[in-house]
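Engineer: This is the structure I want to talk about, given as structure tokens.
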Amino acid sequence: QEGISVSDLGQRMGIRTAELIKKLMGMQKMATANQILDADTAELIASDYHWKVERVGFEVEDYLPEVEAKAEDERPRPPVVTIMGHVDHGKTSLLDAIRQASVAAGEAGGITQHIGAYSVSTARGDVTFLDTPGHEAFTSMRARGANVTDIVVLVVAADDGVMPQTIEAIKHAKQAEVPIVVAINKMDVPGANPDRVKKDLASQELVPEEWGGDTIMVPVSAKTKMNLDLLLENLALQAEVLELTANPARPSVGAIVEAKLERGRGPVATVLVQEGTLKLGDAIVTGTHYGRVRAMNNSRGESVKEVKPGYCAEVVGLSGVPTAGDAINVVSDEKAAKQIADHRGMKERQAELSKVSRESLDQLFAKT
Ligand code: GTP
Ligand code: MG
């Protein structure tokens, strides 16, 4: 059952919070301004001030647009590829190298800063990459139900071989039932030993194609850019097998990949669009934050008016900095977005408060 905080109730009736707290004390109820009152108590108090409490059930789902899935609305979309692997094996370098290669081929202007998600064009179609700073991000995204990844690129340094986090990554990818493409990196290093990497991976049940298995393994170097095209081609090939589609016409749903507060721009979220087309002006809600899409930049930094499924963009216009891994939804209007965000905020505070009061109760009992 829902409730209302003492201060919210006071505000709505135009009564000072302090007075309500005094009134509650008179009813033998100790309360603070943030305390959530149950509907019965709120009703009792409100009636004393000649107000009537209207009980309304609130379901976030009621505010999200209804979508009927129809096969004919589905269109092909680019694969979303997450890079994983042991520390320092070259995940970020590989991503930057791929991006640089595509930038050099496509347009003028260099790369100013690293970003955690971007799309590149290949001869076989576009591919969207996500960099995972650690497996926690991948796991926490999955825990939140955001199964955003279609393919995992497992980066293994040829001079270092299979390491604990390599094995962890394999475990995560297998649990998520996401196909793995292996990039054996740092092939330029004198001590590079790709055969040892393959042997070690085979004992983790990743058997290379050339040994009769079904795992694609591409020897690459982020430093010399060796075989980056071959890696991209294999990713596109793998994606074709998966036949990935989405409905660009429905209200958009996406996932927050990363977010930060930027001077002058406010909260900036990197959003991966999963369904529907995200458009300028759309009312959006993610976690306890809401707003309107005021500006969007694609992964080349260009300002865009819309983003199709399978692509990511930097989105400006949210009321706060969202949490990576959270879903982002387009809703009918900003009022609905605010209502959902406020409701979630209240739920969070409620949970926090009940935790605090439980803790203080425990302390009380521990003392006696
Ligand atoms: P974490 O994000 O910290 O887990 O590391 P990472 O996997 O992103 O590795 P990163 O790209 O930061 O590279 C680690 C080090 O390896 C850096 O010093 C890179 O310059 C170097 N490195 C990456 N790829 C190559 C390569 O192909 N050849 C050589 N020689 N060095 C590389
Ligand atoms: Mg890195």
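Engineer: Please go through (1) touching a His at 6+ places or on another chain (Cβ under 7 Å); (2) open to solvent by 30 Å² or more (accessible area, probe 1.4 Å); (3) not basic (K, R) for N185 and return the number of the only condition it doesn't satisfy.
Structural biologist: (2)
Engineer: Would you point out which residue out of A239, A313, A283 is within 13 Å of the chain's Cα centre (by Cα) and of a type in the set (A, V, I, L, M)?
Structural biologist: A313
Engineer: Name the pairs whose Cβ atoms lie under 8 Å apart, with the first residue in the stretch 86-100 and within 19 Å of A173 (Cβ to Cβ), the second small (G, A, S) and near ligand 1 (Cβ under 7 Å from one of its atoms), and 6 or more positions between them or separate chains?
Structural biologist: G90/A222; K91/G85; L94/A222
Engineer: Just for the stretch 211-238: of the residues that are in a strand (DSSP E or B) and open to solvent by 30 Å² or more (accessible area, probe 1.4 Å), which one is farthest from ligand 1 (Cβ to nearest atom)?
Structural biologist: The extreme case among them is P219.
Engineer: Given the condition modelled with pLDDT of 90 or more and either open to solvent by 90 Å² or more (accessible area, probe 1.4 Å) or assigned to a loop (DSSP other than H, G, I, E, B) (or both), answer yes or no: does some residue in the stretch 335-348 qualify?
Structural biologist: Yes, the stretch 335-348 contains a residue that is modelled with pLDDT of 90 or more and either open to solvent by 90 Å² or more (accessible area, probe 1.4 Å) or assigned to a loop (DSSP other than H, G, I, E, B) (or both).
Engineer: Could you list all residues from the stretch 166-191 that are at pLDDT below 90 and of a type in the set (S, T, N, Q)?
Structural biologist: Answer for the stretch 166-191, where residues must be at pLDDT below 90 and of a type in the set (S, T, N, Q): just Q175.
Engineer: Report, by residue number, each residue of the stretch 302-318 that is in contact (Cβ under 8 Å) with a residue 24 or more places away in the chain, open to solvent by 30 Å² or more (accessible area, probe 1.4 Å) and of a type outside the set (D, E, K, R).
Structural biologist: Result: Y311, single match.
Engineer: For the stretch 4-20, enumerate the residues that are over 26 Å from R344 (Cβ atoms) and without any contact (Cβ under 8 Å) to a residue 24 or more places away in the chain.
Structural biologist: G14, R16, A18, E19 - these are the residues of the stretch 4-20 that are over 26 Å from R344 (Cβ atoms) and without any contact (Cβ under 8 Å) to a residue 24 or more places away in the chain.
Engineer: Kindly list the number of the only condition in (1) open to solvent by 10 Å² or more (accessible area, probe 1.4 Å); (2) within 26 Å of R124 (Cα to Cα); (3) of a type outside the set (D, E, K, R) that fails for A192.
Structural biologist: Every condition holds for A192 apart from (2).
Engineer: Using the structure shown, decide if V241 is crowded, with 18+ Cβ neighbours inside 10 Å and not in a loop (DSSP other than H, G, I, E, B).
Structural biologist: No; evaluated as a whole, the condition is false for this residue.
Engineer: Restricting attention to the stretch 92-102, report how many residues are open to solvent by less than 40 Å² (accessible area, probe 1.4 Å) and within 6 Å of ligand 1 (Cβ to nearest atom).
Structural biologist: 0
Engineer: Condition test on H89, is it at pLDDT 85 or above and near ligand 1 (Cβ under 10 Å from one of its atoms)?
Structural biologist: Spelling it out, H89 is indeed at pLDDT 85 or above and near ligand 1 (Cβ under 10 Å from one of its atoms).
Engineer: Still on this structure, please answer the following. Taking the criterion of being hydrophobic (A, V, I, L, M, F, W, C), at pLDDT 90 or above, part of a loop (DSSP other than H, G, I, E, B) and surrounded by fewer than 19 Cβ atoms within 10 Å (Cβ to Cβ), would at least one residue in the stretch 281-301 satisfy it?
Structural biologist: no
Engineer: Restricted to the stretch 174-205, and to residues that are within 16 Å of ligand 1 (Cβ to nearest atom) and small (G, A, S), which residue is nearest to I98 (Cα to Cα)?
Structural biologist: Filtering first and then ranking leaves A183.
The values are calculated or read from the model by the stated rules, or taken from the named source; none is laboratory data. As the structure is a computational prediction, the values presented were derived from the model and not from experiment. Virtual Cβ from ideal backbone geometry, glycine too; neighbours counted across all protein chains shown. Accessible surface is based on the protein model in full, side chains and every heavy atom, while ligands, DNA and RNA are left aside. Shrake-Rupley method; radii C 1.70, N 1.55, O 1.52, S 1.80 Å.
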